[in-house]
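The values are calculated or read from the model by the stated rules, or taken from the named source; none is laboratory data. Keep in mind it's a predicted model, so treat the numbers as computed, not measured. So basically every Cβ, Gly included, is an ideal-geometry build from the backbone, and we count neighbours across all protein chains shown. For accessibility, only protein heavy atoms count, side chains too; no ligands or nucleic acids. Shrake-Rupley method; radii C 1.70, N 1.55, O 1.52, S 1.80 Å.
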Amino acid sequence: MTTTTGTAAVTPSVGAAHTRVEGREKVTGAARYAGEIPFAGLAHGWLVVSTIARGRIRSVESAAVEAMPGVLTVLHHGNAPQVDGEYVGLLGKPDPTITLFQNDRVPFAGWPVALVVAETPEQAREAAEALEVRYDEEPHDVAFSAGRPGTYTPQDQGAETEKGDIEAGLAAAAVVVDAEYTTPEEHHAMMEPHAATARWDSGRLELVDSNQGSMWVADELAKMFSLDPASVRVRSEHVGGGFGSKGLRPHQVAAVMATTTLHRPVRVVLTRRQMFAITGYRSPTAQRVRLGADADGRLCAFDHQAQSLTSTVHEFIERSADYGRAMYDADAHHTVNRLVKLDVPTPTFVRAPGEAPGSFALESALDELAEKCGLDPIVLRARNEPEAGPVSGLPYSTRRLIDCFEEGARRFGWADRDPIPGLRREGRWLLGTGTASATFPSNAMPSTAAVTAEADGTFTVRITAADIGTGARTALTQIAADALEVEPGRIHMRIADSDFGQAMIAGGSMGTRSWAWAVTSAAKELREQLALGGGIPEEGITARSNTAEAIAALAQKERHSYGAQFAEVAVDTATGEVRVRRMLGIFAAGRIVNPLTARSQFIGGMTWGLSMALHEEAVRDQAFGSHVGPDLAGYHVAAHADVPPIEVGWVDDPDPDDPVGIKGIGEVGIVGAAAAIANAVWHATGVRHRHLPIRPDRVLLAGTAPGGDGDA
Ligand code: MOS
């Protein structure tokens, strides 16, 4: 059979619904996840984490557990291999939580202090639970609040932006909103726990892992253990969710240390409880928003001050104040992300980092401003559409925010809405509707891909992409099919193997866009080679791409996805329960590659927004410094019974500078969703709830008298 492309008319695949290419494997259980792939001679590691929130390890009494059945070794700061804790990785300096067992300091509760390795997971767990670790305890401080002592502005580029005179702008404004909003500590809560198996094989370190970027993990491990990058291979075939949490974490490092010590494959799987302490989380936020507007609702002063926390060992900033920088303009414009260092685990990226909590505060404040100006919230937003990026001054690549609102308003039935709050009753339920904007940056990062024309007429694509549940593997299959002008069935899509070379991680809503660019470019190159004619040798013909130059040459523009969120709620005046009755999201988020998986992505994001608005809250015990109920019973994420029908749509919005027109859709779906629900709760009850989650006790305490205040 000859391998040709584009010989017969092939229906374009991009834009058409395509079920997941690995769907059958997943639903039949044939797809194996990192914690369940068999290895001969496998040993099992179990992490032991600190019970104190601050101090020093005085001793690890390992002798007693080393005598327990099946125990092979106990690794801790006294005997673990030394690593390079100062290497510069993708995110700068590593978090010392990850370069584990290097000293006796305990900076927070749940800090990994030892790894017990045994023949079976049960033996490892029993010994780990029996391991006595003695500490010299020091007083800890885990109390987060707005403006508390120790609050500072990080030396980080972009921590603060300022133009004009904010106080003068507010003083001159006809209408002012000045309010404080808080969001709690939130967790990724993906279905699949972190798991890794490490082994040395013919001089190469091999890791079978669950991550958002196999090249990322391989690169960090090589640096940390001072290895030749070519001698590290990381694979991550199927991933049951990541949401920002699945980069390099302590368990992979522990597995590498143990396999290096024992010369056997070692697997480390985290428990849900361990994940709460050592796999990152979204910092709680305290945000003050001050908006000044003229009587027509045009903003003249815009001030967003956000505060989050970080650990004492690593600086991570939850950039809530970034949200307004590309969204709303005013002559006086100020945004700042402040921090406080506490004796808590290091927070990290969580789906829509910054934008999720930032949009709750700002989109709630805009609703308050609309109310004060007597304007419809959509009219207020339309009046404040900027010509260019308010902080960057750059032109927008495309900005179809108001088109999203118009389409959303039509489909949601917004025109009939009476803006007066607290009027609609249905038995004990008060009903209301709310809306909010959404935006998320749209970027691309350099990636490499290889496309091979096989002798049997099929094509193999190799790229170190990660499908963390997004449908990326399927989207890339469609992209490759169109680029080669063949049916998707002729594409073998191979991903998530660091041996395939450098590529963007599944993160920042940039994965599919960055990978699609590289695949398209390699496919184009291959077609040029095939056009020269000649047969296909047994090993096939391979073309490679590297998009570094093309991406570096992209014109500087404000590149974002947009959306309009709508929600209808019912508030039970007797119990304080808020039920979301329906949600609608309309997005302008680039060319939609696969409507089926894209819809899932948006619905997933909006569901997360619902969960953030009403349920999610990790509670830290001030006395012990650790969590109360760190599991999926104590930390409620929206379940099926909490989630109403969610409708999703999009307006046509291809990115003009992307070869496929993609913008990225992984995160924009959550942005603004919690604010739309909070705004709907105000419309139902007349009470502003500025603190998430909007729990029944908060609703009851605040009452349902219009003009009431949920700050009580
Ligand atoms: Mo994400 S929070 O960019 O994985």
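Just a few scattered comments:
- Restricting the calculation to Cα atoms, region 227-328 shows an Rg/Rh of 1.19 when the hydrodynamic-style radius is the Kirkwood one.
- Leading residue at positive end of dipole, the chain (Cβ point charges), from Val660, Ala168, Pro12: Pro12
- Here the relative contact order of the chain, from alpha carbon pairs under 8 Å that lie six or more residues apart, stands at 17 percent.
- Long hydrophobic helices in the chain, taken as whole DSSP H segments with a C-alpha length of 27 Å or more on their own axis and mean Kyte-Doolittle hydropathy at least -0.5: 511-531, 595-614.
- The chain: antiparallel DSSP beta bridges as a percent of all, rounded to 5: 75 percent
- Loop trypsin sites (Lys or Arg not before Pro), region 27-90, which have at most 16 other Cβ atoms in a 10 Å radius of their Cβ (DSSP): Arg32
- Between region 132-165 and region 563-604, the Cα center-to-center distance that results, in Å: 34 Å
- Equivalent ellipsoid semi-axes, region 460-553, via Cα gyration tensor eigenvalues times 5, rooted, Å: 22, 15, 12
- With only the Cα atoms considered, region 139-297 has a convex hull volume of 202 Å³ per residue.
- Shape of region 1-157, Cα gyration tensor, a/c cut at 1.5: oblate
- The dipole here belongs to region 454-496: it is taken about the Cα centre, uses +1 on the Cβ of Lys and Arg and -1 on the Cβ of Asp and Glu, and is about 200 debye.
- Computed label-point distance, nm, for sites Ala168 and Arg134 using a 7 Å Cα→Cβ extension: 6.6 nm
- Given +1 at the Cβ of Lys and Arg, -1 at the Cβ of Asp and Glu and no other charges, the dipole of the chain around its Cα centre is 700 debye to the nearest 20.
- With loop membership from DSSP and a limit of 13 other Cβ atoms within 10 Å, the longest segment of the chain without GluC sites (Glu not before Pro) is 87-386.
- Both numbers refer to the Cα atoms of region 284-350; Rg and Dmax are 14.5, 48 Å.
- Tail fraction, Cα-Cα pairs, region 176-249, threshold 21 Å, whole percent: 39 percent
- Oblate is the label for the chain, because a/c, from the alpha-carbon gyration tensor with a ≥ b ≥ c as root eigenvalues, is 1.5 or above and a/b does not exceed b/c.
- Diffusion coefficient, µm² s⁻¹, Stokes-Einstein with Kirkwood Rh over alpha-carbon pairs of region 355-506 at 10 °C and 1.306 mPa s: 79 µm²/s
- Gyration tensor verdict on region 615-712 (Cα atoms; rounded if a/c is under 1.5, prolate if a/b is larger than b/c, oblate otherwise): oblate
- Efficiency of FRET from Cβ geometry, Asp294 and Ser202, R₀ 60 Å, rounded to 0.05: 0.25
- Debye equation applied to the C-alpha atoms of region 511-590, log10 I(q)/I(0) at 0.18, 0.20, 0.22, 0.26 Å⁻¹: -0.91, -0.99, -1.07, -1.21
- Given Lys26/Lys341; Lys26/Lys663; Lys163/Lys557, the pairs whose alpha carbons are separated by over 30 Å: Lys26/Lys341
- Ala230/Ala31 FRET efficiency (R0 30 Å; Cβ-Cβ; nearest 0.05): 0.55
- A Cβ-based charge dipole, computed about the Cα centre of region 588-712 with Lys and Arg at +1 and Asp and Glu at -1, lands at about 260 debye.
- Remark: region 239-338 carries 22 Å² of accessible area per residue (probe radius 1.4 Å; ligands, DNA and RNA excluded).
- Debye equation applied to the C-alpha atoms of region 74-167, log10 I(q)/I(0) at 0.22 Å⁻¹: -1.25
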